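Each value in this text was obtained by applying a stated rule to the coordinates, not by laboratory testing. A quick note: this is a predicted structure, and the numbers were derived from the prediction, not measured. Cβ sites come from the backbone with ideal geometry, for glycine too, and all protein chains shown count toward neighbours.
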Amino acid sequence: MSIYRSRPQTMDDLVISNSQSDGALRIAVVGCGPKGMYCLERLVSQLSPIPDSVRVHVTIFDAADYFGAGNVYHPDQPDFLRLNFAAKHVNAWMTEPSGPNNGSSLGGGQLCNAKTVAGPSLLQWLAIHEPTLADGEAYVPRSVVGRYLHECYQRVRAELSQLADVCEDRRSVKQITRYGDRWLLTVDQDSFLYDEVLVTVGHEGWRAAPHVETIVPTRTIPSVYPVQPQLSPRKIPPQCTVAVQGFGLTWIDAALALTEGRGGTFDRHDGEWTYQPSGTEPNRIIPFSRSGRPMLAKPTDTLVRAPKNLDEVWRLHCKQIHDIDDREIDFEKVLWPIICQAANDALELCDASAPRVEQWFDDWLTNDWDHMAIVQAMQHSCEVAAGQRDVDPPWALGQAWRSLYCELVPAISHGRMKSESWVVFRRIAAEMERIAFGPPGENLRRILALVRANIVDFRFLQSPHVCRNLNSLQISNNGRTAIADRVIHAVIPTPLNASLGGPIASLVMQGLVMRNKATGAIDIDPAGNPIDPDGNPLPGLAVIGRPTEGCVLGNDTLSRKLHSHPHHWAGRVAKRCANWRGKS
Ligand SMILES: Cc1cc2nc3c(=O)[nH]c(=O)nc-3n(C[C@H](O)[C@H](O)[C@H](O)COP(=O)(O)OP(=O)(O)OC[C@H]3O[C@@H](n4cnc5c(N)ncnc54)[C@H](O)[C@@H]3O)c2cc1C
């Protein structure tokens, strides 16, 4: 029997910890990383003024040490784990309603915004607290961003406390159940009733991806984070050979944790990076993945050799996407050609003789990614990113994707894209993660220095034959074989892999929220209300962020400019507060 069916069915069976009635509207926020904090900020901006007669309780549930920062930006993590977003792009505050469709009829933006909560952008905050890092183009440690986000949270909380009774509960919510027209939250042995529940659980904490194949458990590291306990010398001894499954941003963090994190140092001479080992790192680090395709460096805007008049190109093609009025947009026939055309137009302004991006992209997909090809692609992208080389098709395609993304989000989200387009979209979006949303150039240069130091070995990267023995992993490719005595899984769970025993899985298993057949995402409306099996938004419940990826594009970001769900959620809740007549 499902654990969710064993819940008490009637009020009589339950001991409800907040059952005393004071007529207040009760709001629960489940998960308070960056998204939860952004939603609370929007609530403050729209909750005021509420009638004196209305009381509002807000409870914020999260077991994380630092609200606002969550796990990803935990202030105690090592400094070599860096943001992959330049500092100038991070601002926890906004003065205007965010995202597209601001003028919708959901209530957001229509209420009197009597209170403006504001604070410094990351760059302004750095100028005061970490002046040596206060450079708009810098990729700062995630720990520093976490300190910033936590301070922002404290400011939001202080403002909210002037409007509502606010309480922090430092525990994880296990289950959410419908209870009449309210919602019942289960936390440890306690149960609480709420009128409004917002679920912003993001990654649902650090956890391994499902179906991790192990050699012996002590030799398999199922998850990279948090790096200190997971990749400690006790688990991965000095001088061992370690295979790493996965070749994305998580693999880069793993490689840096095993080298820089063990006291090794990177030196720069005339733009050339070298690695000085500490002697405590693994002897060899062997990444492997299905495609073997590398991530490319993100360009530094102030250095890259691109003409200044590109904005017009992006504006033109953004407008083209904006003006599409198809009810069901075909990604391959409509959106992808616009993206490629934008990239080709940009490239033409720089170098008319460059090949078209479509041709380059075909080569990218069909290339044989051996050690040399990977090193060259990475090196080349670092040089383009730093303005040491002219721009090229991958730069143009990446720049087009990033520049048009703000229009792709509304064109693809909330079912606007044809469901048949999802297979192609997913395949191309995965490539664009590598091409457009890769690491900062400095991190790729560190990896290349580890290659030159004969620590990182790409020779087994693309679809090797992997044989799991009792105590080791045998990995073979192109006639070569290596034996790894440790295996690290550098792949984080996808948005579809909800944590079993967590609130998202509980809602899905009870059939309260639906997963979209084509995307697997939890379908929500623009205010974050999940769509129930009858196609109606569920009142009093909102899910915002990563679990909705597929219904909403590009959730997993610090950017506040892409999505308006927090704003509309807050607008709807504020409206409910204003009309609240109490409940016994
Ligand atoms: C390793 C890594 C690096 C990244 N780097 C960048 C980057 O450089 N730039 C960028 O823009 N984005 C980056 N991201 C994406 C990042 O996830 C987002 O920027 C941001 O953290 C999303 O915020 P969130 O609040 O939706 O989710 P999260 O940050 O995951 O926060 C969710 C919060 O919910 C809490 N929670 C989870 N389950 C429960 C529960 N059951 N009950 C109560 N609370 C719960 C968690 O403790 C956490 O505090 C990175 C992600 C990862 C994994």
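A few comments on the model shown:
- Cα-centre dipole for the range 432-494 with unit charges at Cβ (Lys and Arg positive, Asp and Glu negative), debye to 20: 120 debye
- All aspartates and glutamates inside 15 Å of LYS35 as judged from Cα atoms, apart from same-chain residues fewer than 8 positions distant: ASP62, GLU151, GLU204, GLU549, ASP556
- Among LEU408, CYS340, VAL391 the positive-end extreme of the charge dipole of the range 308-436 (Cβ point charges): LEU408
- The distance from the alpha carbon centre of the range 143-176 to that of the range 253-297 is 36 Å, rounded to a whole number.
- Tail weight of P(r) past 47 Å, computed on alpha-carbon pairs of the chain, percent: 15 percent
- Against the chain, whose longest principal axis is taken from its Cα atoms, helix 311-322 shows a tilt of about 50°.
- In the chain, helical runs assigned H by DSSP with n ≥ 4 each contribute -39500 (n - 2.57); averaged across all residues and rounded to the nearest 500, the mean residue ellipticity at 222 nm is -9500 deg cm²/dmol.
- Under the convention that each Lys and Arg Cβ holds +1 and each Asp and Glu Cβ holds -1, the size of the dipole of the range 308-436 around its Cα centre is about 400 debye.
- Helix 393-412 axis versus longest C-alpha principal axis of the chain: approximately 10°, rounded to the nearest ten.
- Simple point charges give the picture: +1 on the Cβ of Lys and Arg, -1 on the Cβ of Asp and Glu, and for the chain a dipole about the Cα centre of about 1060 debye.
- The range 479-531 and the range 542-556 have Cα centres separated by 11 Å.
- Remark: for residue pairs LYS418/LYS561; LYS319/LYS561; LYS88/LYS418; LYS88/LYS235; LYS88/LYS319; LYS235/LYS298, the C-alpha separation exceeds 27 Å in LYS88/LYS418; LYS88/LYS235; LYS235/LYS298.
- Across the options ALA254, ALA138, TRP422, the greatest Cα extent toward the positive end of the charge dipole of the chain (unit charges at beta carbon of Lys, Arg, Asp, Glu) belongs to ALA254.
- Prolate/oblate/rounded label for the range 308-436 (Cα gyration tensor, a/c 1.5): oblate
- Spatially proximal lysines relative to LYS174 (Cα-Cα < 16 Å; intrachain offsets below 8 disregarded): none
- Helix 422-436 axis, angle to the chain major axis (alpha carbon atoms, nearest 10°): 60 degrees
- Considering the range 498-577 at the alpha-carbon level, its Rg and Dmax are found to be 12.5, 36 Å.
- Note on the range 230-380: Cα convex hull, mean projected area over all directions, 12.9 nm².
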